[in-house]
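Trainee: The following block contains the structure, expressed as structure tokens.
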Amino acid sequence: MTDSTPSLATPYRTHTCGALRAADSGSDARLAGWVHRRRDHGQLIFLDLRDRHGLTQVVIDATDAPEAHAAASRVRSEFVVSVAGRVERRLEGTENPRLPTGEIELRATRVEILTEARTPPFYINEPDAPVDESLRLRYRYLDLRRQPMADRLLLRSRLVQAIREAHHANGFVEVETPNLIKSTPEGARDFIVPSRLQPGSVYALPQSPQQLKQLLMVAGVDRYFQIARCFRDEDLRGDRQPEFTQLDLEMSFVDEDAVMDFVERMVIEVSRSTTPDRPIQEVPFPRFTYAEALERYGSDKPDLRFDMELVDLAPSLTDTGGTPVSGFRVFDEALAGGGRVKAIVVPGMAGATRREIDELTETAKRFGARGLAHLACEAGGDVKGPIVKFLGDTTTRAIVEDAGAGEGDLILIVADTADVTNDVLGRLRAELGARLGLADPNVLAYCWVHRFPMYQWDAENGRWDATHNPFSGVVPEDEALLVTASGDPARPSPEDPAGQARAMQYDIALNGWELGGGSVRIHRRDLLERSFALQGYSLERMRNMFGALLEAFDYGPPPHGGIALGVDRWAALLAHQTNIREVMAFPKTQSGSDLMLEAPSEPDPAQFAELGLRFVGVKPAGDAGA
Ligand code: ASP
């Protein structure tokens with residue numbers, strides 16, 4: 001790893017540990033860094049000196065430099081030392097072609113120990129050694145010294161730099177928004193911060209800067225972006241942390257295409273500059289409607305690096321009048337009940353053992369299916385599977401043909417409601433794609449999914465919930481649908497026309513992960529109030545939660561729209577990681593702990609008192625809601 005920065009010389013060093021080359025031989029140099037490895041050959045001591053820029057071999061000869069040799073004898077791994085001497089070419093045959101500095105070594109005449117180090121809890125000089133993650137998190141500052149983490153931190157830094165450059169080059173203004181605000185719902189619980197100056201009141205940490213960025217549009221900022229920290233109190237998993245970073249942006253006087261076009265250009269530019277060696281699968285990015293994405297991939301964040309599309313088997317299972325006639329009760333009942341029978345074709349898995357099939361069936365059940373049927377297309381054209389005897393030869397052949405299956409393929413079939421069928425097959429597709437290595441790990445397959453439904457029915461609360469963001473605009477031709485069947489906006493029901501309305505919402509997916517999402521917003525107060533009413537907000541609650549934005553819309557809001565992209569997710573995917581912790585300097589564990597700082601921790605009673613709070617305990621788990 002070389003460094004092209006002009007000069008990183010300081011009073012402690014003339015060069016970084018990654019800078020010296022054969023052309024420097026004969027000159028004097030001084031380096032400072034950590035002792036990566038020490039080899040004591042008696043007369044000669046070798047130190048590999050490391051900083052984040054690289055590694056340089058230092059040699060200390062007892063005859064030439066007895067004092068330096070004595071100091072070097074005391075040195076251990078991870079001591080911080082400063083060394084000075086002459087740069088020399090290494091002896092022929094001892095060069096290290098894997099190191100950028102591998103042609104030279106520093107013959108040290110001075111070795112100064114700057115600080116000593118205890119033996120670290122894990123090897124820092126063995127990047128591939130498996131280390132328990134909690135140990136890594138407890139000693140994150142040591143973990144970050146290890147090459148893979150250091151590299152990922154640098155990649156993330158390049159990513160954010162490229163994001164900033166692309167936005168500044170396109171007329172965006174970087175604006176910071178506060179973290180102590182009022183609740184901005186994004187579908188998670190708020191983290192709240194009690195106010196000392198106003199006892200009994202709380203701030204909420206932003207789930208996103210959504211309302212503030214819209215207010216910036218009313219303010220005339222025109223194009224805003226921010227590398228924004230967001231806070232959502234929800235259960236953690238690989239792609240979630242309680243606090244995370246978004247590239248948040250908003251643009252005025254735009255429609256869906258204008259936002260998507262800019263974001264697409266920006267994403268391409270940023271990807272190419274951050275990871276130039278990773279090809280982008282398809283440009284322009286494929287665009288799917290939500291309905292199409294579910295129909296073809298069973299997912300609104302499809303991994304397009306491999307095919308295995310979902311196939312509709314209804315044509316092979318029904319007569320010309322559309323009546324189900326497959327002979328297999330499960331299929332016929334699903335179709336007669338308005339459900340779906342669909343399949344995926346798994347290449348080369350026809351030889352799956354009984355156990356493998358049982359495992360797949362269990363997986364499908366875990367995903368919510370009642371069962372999983374299969375047909376194995378064996379060599380020689382035979383098709384096997386327990387359902388063949390019900391389907392008969394003609395229907396079986398028709399399925400194989402419709403599914404486009406060939407010899408050696410395994411057809412997996414789910415019959416259920418449309419939602420369950422698509423979801424289960426979509427998840428099986430993702431899982432099998434990963435297990436069979438169908439996706440090229442180097443390729444970046446971005447795509448857009450748009451035209452989401454505005455709302456989904458919330459049976460528990462008897463209202464429509466925004467599928468994404470409560471501020472999302474409605475596709476202009478669907479505006480008339482934002483009404484209830486009863487005519488009273490305060491009395492929604494699942495039959496409301498609103499259920500058919502599509503949002504001007506677009507998500508961007510990368511390799512099977514949702515990378516970001518945004519929308520063109522509702523910018524008319526009357527329409528926003530109508531939409532909030534469908535979402536079950538009383539006028540009073542609306543004013544209480546979104547008063548500033550509603551009021552601002554009385555003062556000339558421009559049409560506007562935006563998006564937010566998960567920077568942690570983006571960095572993780574660019575760094576070939578499946579967990580965003582791997583690209584965060586100081587992440588939290590699954591249970592939200594910072595193992596290094598030991599947070600969260602018990603507050604000082606005095607802090608509680610100052611805030612006018614008293615801890616009354618929590619109900620034991622399992623008692624919730626009782
Ligand atoms: N505020 C949204 C989010 O955080 C993004 C957007 O609609 O711009 O997901």
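Trainee: How far apart, in nm, are the 7 Å Cα→Cβ label points at residue 370 and residue 64?
Mentor: Each label point lies 7 Å from its Cα, and together they span 8.2 nm.
Trainee: Starting from the Cα-Cα distance between residue 39 and residue 354, subtract it from 0.36 nm times their residue separation and give me the gain in nm to one decimal.
Mentor: Values: separation 315, 0.36 × 315 = 113.40 nm, distance 5.55 nm.
Length difference between fully extended and current span is 107.9 nm.
Trainee: If you don't mind, there's one more thing I want to ask. What lysines could a cross-link reach from residue 389, if we take a straight Cα to Cα line under 28 Å and drop same-chain neighbours fewer than 8 places away?
Mentor: Hits, sequence-local ones excluded: 342, 365.
Trainee: On a C-alpha basis, how far is the centre of the stretch 12-88 from the centre of the stretch 186-224 in Å? Whole number, if you could?
Mentor: 52
Trainee: Over the chain, what is the mean sequence separation of C-alpha contacts under 8 Å (at least six apart), divided by residue count, expressed as relative contact order in percent? Present the calculation step by step, with values, prior to reporting the outcome.
Mentor: Values: 1222 pairs, mean separation 79.7, N = 626.
About 13 percent, as a whole number.
Trainee: Going Cα to Cα from residue 213, which lysines come in below 20 Å? Please leave out same-chain ones fewer than 8 positions away.
Mentor: 182
Trainee: Same structure again: First measure r as the distance between the Cβ atoms of residue 292 and residue 440, then evaluate 1/(1 + (r/R0)^6) with R0 = 25 Å and state the FRET efficiency to the nearest 0.05. Display every interim value, and only then the final one.
Mentor: Values: r = 23 Å, r/R0 = 0.94.
Once rounded, the FRET efficiency stands at 0.60.
Trainee: For a label point 7 Å from the Cα of residue 7 along Cα→C-beta, name the residues of the stretch 29-54 whose backbone N is under 17 Å from it.
Mentor: 29-32
Trainee: Please list 181-187, 420-426, 213-219 highest first by mean number of surrounding beta-carbon atoms within 10 Å per residue.
Mentor: Values: 181-187: 17.6, 420-426: 23.6, 213-219: 21.6.
Result, highest mean first: 420-426, 213-219, 181-187.
Trainee: Here is a further query. Among DSSP bridges having both ends in the chain, what percentage is antiparallel? Round to the nearest 5.
Mentor: Numbers: 94 of 102 bridges.
Counting only bridges with both partners in the chain, antiparallel ones make up about 90 percent.
Trainee: Out of all Cα-Cα pairs in the chain, roughly what percent, to the nearest whole number, are more than 46 Å apart?
Mentor: Numbers: 67359 of 195625 pairs.
Cα-Cα pairs of the chain separated by over 46 Å account for 34 percent.
Trainee: Continuing with the same structure: Could you give the nm distance between label points at residue 141 and residue 168, where each point is 7 Å from its Cα heading toward the beta carbon?
Mentor: About 3.1 nm, to one decimal.
Trainee: Using θ = phi - 60° and the Karplus curve 6.51 cos²θ - 1.76 cosθ + 1.60, what whole-Hz ³J(HN,Hα) does each residue of the stretch 123-128 get, with Gly and Pro shown as x?
Mentor: Karplus values, whole Hz, x for Gly and Pro: 6, 8, 8, 10, x, 8.
Trainee: Hey, another quick one. Calculate the length of the line joining the C-alpha centroid of the stretch 254-286 to that of the stretch 421-439, in whole Å.
Mentor: Cα centroid of the stretch 254-286 versus Cα centroid of the stretch 421-439: 25 Å apart.
Trainee: For a Förster distance of 60 Å, can you work out the FRET efficiency between the beta-carbons of residue 95 and residue 525, rounded to the nearest 0.05? Please list the in-between numbers first.
Mentor: Working: r = 72 Å, r/R0 = 1.20.
Efficiency for this residue pair is about 0.25.
Trainee: Taking neighbour Cβ counts within 10 Å as the exposure measure, how do 331, 553 sort from fewest upward? Working shown, then result.
Mentor: Details: 331 27, 553 21.
Going from sparsest to densest Cβ surroundings: 553, 331.
Trainee: Does a label point 7 Å from the Cα of residue 548, set along Cα-to-beta-carbon, have any residues of the stretch 206-239 with amide nitrogen under 15 Å, and which are they?
Mentor: So the set is 206-220.
Trainee: Per DSSP H run of at least 4 residues, take -39500 (n - 2.57); add these up for the chain, divide by its residues and hand me the 222 nm value, nearest 500 deg cm²/dmol.
Mentor: Numbers: 16 runs with 175 residues, N = 626.
One gets -8500 deg cm²/dmol as the mean residue ellipticity at 222 nm.
Where a number appears in this text, it was derived from the coordinates with a stated rule and is not lab data. If you're wondering where the values come from, they're calculated on a predicted model, not measured in any experiment. Neighbour counts run over all protein chains shown; Cβ positions are idealised from the backbone, glycine included.
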